[in-house]
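*Asks:* One structure, as structure tokens, below. Some questions next.
The values are calculated or read from the model by the stated rules, or taken from the named source; none is laboratory data. Keep in mind the model is a prediction, meaning the values are calculated, not measured. Every residue, glycine among them, receives a Cβ derived from its backbone with ideal geometry; neighbour counts consider all protein chains shown. For the accessible areas, the whole protein counts, side chains as well, though only heavy atoms, and no ligand, DNA or RNA atoms are used. Shrake-Rupley method; radii C 1.70, N 1.55, O 1.52, S 1.80 Å.
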Amino acid sequence: MKNFYANLFAFLLLWVASVGIVFYKPVNLGLDLRGGVSILLQPDISYALEQEYQRLSKDLYDKLREERVPVLDVLASKEGIKVELLEDAKIEQVIQKHFPRLEIKERGKGYVLLALKEQEVSALREGIISQTIEVLRKRIDELGVVQPVITKVGQDRVLVELPGILDLERAKSVIGKTALLELKLVVDVGSKEDLEKKLTPDLELLPSRDNTQWFLVEKTAVITGADLKTAYTSQDEFGRPAVSFELTDETAKKFGEVTEKNIGRALAIVLDKKVISAPVIRSRITNTGQITGQFTLDDAKELAIVLRAGALPTKVDFLQESVIGPSLGRDAIEQGIKAGVLGFVLLALLLLFRYKNAGLTANLSIILNALMLWAGMVLLGATLTLPGIAGIILNMGIAVDSNVLIFERVKEELRLGNSIRKAIELGYRRTLSAVFDTHITLLVAALILFQFGSGPVKGFATTLTLGTIASFLSNVYFAKFLLELLYKLKAFRI
């Protein structure tokens with residue numbers, strides 16, 4: 001008797017808790033139900049390779065001069081690093097000792113072409129994809145998008161789905177902005193033609209934001225976006241939108257030393273290879289700074305977001321983009337609800353017709369199953385998708401299958417002459433292993449789909465996983481309790 005009342009209390013508590021959670025907070029809706037933006041993009045690996053070769057070429061040039069290898073120049077391109085030699089010098093030992101990632105791709109008269117080894121290129125590609133996904137995730141979190149989908153597709157593509165965001169251009173602006181921030185000392189300002197005459201390997205020529213002015217700056221940056229602790233919107237001395245930033249402690253010390261030595265010189269604030277502004281250093285600057293320019297408030301907010309999230313490792317190309325309106329979601333939800341209600345009604349009538357009062361316990365178990373599934377999605381912050389609705393309906397069928405298996409076994413025990421109470425006990429005991437195996441097999445399959453699937457497949461796997469757990473609890477534990485309740489009320493019919 002004590003166990004009976006404990007089961008009754010647990011049953012009622014689970015019902016109240018599930019209903020309370022379901023009505024307290026709505027479940028997150030996926031892109032196919034809520035509407036939003038879907039973007040397929042591809043990081044520019046060739047551009048990243050060129051940047052890597054640029055970085056390696058400077059180190060290589062310094063090392064060759066240090067090792068007294070007669071070299072004219074070291075030039076980087078997408079294909080590799082071309083080393084122009086004064087004579088047929090041997091550079092293999094220098095490469096093997098100091099640059100093991102490189103190999104000789106081509107050797108000609110007076111030059112050697114070096115390139116990254118194949119495994120190094122693959123590692124670079126994987127690193128860029130992973131870093132791109134991580135940076136995009138941080139940026140999208142800053143936008144406040146609930147349950148975005150950011151996943152790798154194929155070898156070098158990334159799929160981004162943003163439920164509830166319908167402004168495609170703003171999404172592309174935040175997602176695709178490289179946001180490579182660099183602060184560089186200015187050498188000279190003038191026309192492009194005049195400044196090109198002053199170019200040296202340690203300097204570079206950069207345009208202003210509106211391409212009306214050119215700046216000759218030192219190639220090596222004083223600080224970069226990677227040195228920022230945080231960035232946020234602010235106002236300049238004239239009340240116009242700006243972006244303020246704070247530096248890490250280590251960088252702040254270095255920045256203070258550089259600015260102290262260069263008081264009176266202009267410091268170019270460079271974003272994606274364009275000079276946003278070039279204020280003159282008036283005094284020592286340590287841990288804070290400000291980026292000013294012709295910003296709108298939205299421009300300043302977006303720049304602060306991408307600076308906080310970090311720079312993309314390379315440029316990205318938008319391959320495919322689409323906006324899915326919420327009307328499609330409403331239609332899908334309505335059709336899914338109609339299908340679910342119709343399916344439940346037909347199942348309920350069939351169970352009542354086939355198993356009389358016992359069929360009522362199965363119907364209550366199915367309702368509890370659905371409530372527990374829905375509450376689980378709310379608590380976990382899971383996203384409901386159109387395939388997820390299909391998973392819920394499939395779960396109803398699985399729940400019915402378990403009940404049918406148990407009821408048929410109970411009826412068989414009754415035909416063998418057992419009492420109702422003993423038939424219920426034996427029926428559950430002798431079908432428990434089969435029901436357990438079925439649910440474990442389904443749960444393993446659902447978890448595999450969730451682990452290795454993406455997008456719609458994950459939505460289906462989520463509801464199937466939660467539904468399988470809820471089905472086992474409601475059909476094995478509480479359905480038996482309900483049958484015993486009918487027996488105690490002398491209303492058991494099967």
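*Asks:* For the Cα atoms of the chain, what angle does the longest principal axis make with the long axis of helix 45-66, in degrees from 0 to 90, nearest 10?
*Replies:* Value to nearest ten degrees: 40.
*Asks:* Looking only at GluC sites (Glu not before Pro) in DSSP loops with at most 15 other Cβ atoms within 10 Å, what is the longest site-free stretch of the chain?
*Replies:* In short, 238-494.
*Asks:* FRET efficiency for Arg284 and Ile337, Cβ-Cβ distance as r, R0 = 45 Å, nearest 0.05?
*Replies:* 0.10
*Asks:* Still on this structure, please answer the following. Kindly report the accessible area of the chain per residue (heavy atoms of protein chains, probe 1.4 Å, no ligands, DNA or RNA), in Å².
*Replies:* I get 52 Å² per residue for the chain.
*Asks:* Then there is this: Match the structure shown to one of the listed values [x] 1.03; [y] 0.91; [z] 1.42 of Cα Rg over 2.2 N^0.38 Å, computed from it, and give that label.
*Replies:* After the calculation, the listed value that fits is [z].
*Asks:* Further, regarding this structure: Order of 34-47, 262-275 by packing, highest average Cβ count within 10 Å first?
*Replies:* Ranking, from highest mean packing down: 34-47, 262-275.
*Asks:* Using only the Cα atoms of segment 375-494, each taken as one equal point scatterer with no solvent, compute I(q) by the Debye sum, divide by I(0), and report log10 of the ratio at q = 0.11, 0.16, 0.19 Å⁻¹.
*Replies:* These q points yield log10 I(q)/I(0) values of -0.44, -0.77, -0.94.
*Asks:* Heads up, I need the accessible area for Arg308: 1.4 angstrom probe, whole protein in place, Å², nearest 10.
*Replies:* Near enough 90 Å² of accessible area.
*Asks:* Can you compute the modelled spin-label distance between Lys490 and Thr441, with each label point 7 Å from Cα toward Cβ, in nm?
*Replies:* Those two pseudo-labels are separated by 4.3 nm.
*Asks:* Next question. Pairing the Cα long axis of helix 118-143 with the longest principal axis of the chain, what angle in degrees results, from 0 to 90 and rounded to the nearest 10?
*Replies:* Here the helix axis deviates by roughly 70 degrees.
*Asks:* Of the accessible area of segment 423-494, with the probe set at 1.4 angstrom, what percent is carbon plus sulfur?
*Replies:* 68 percent
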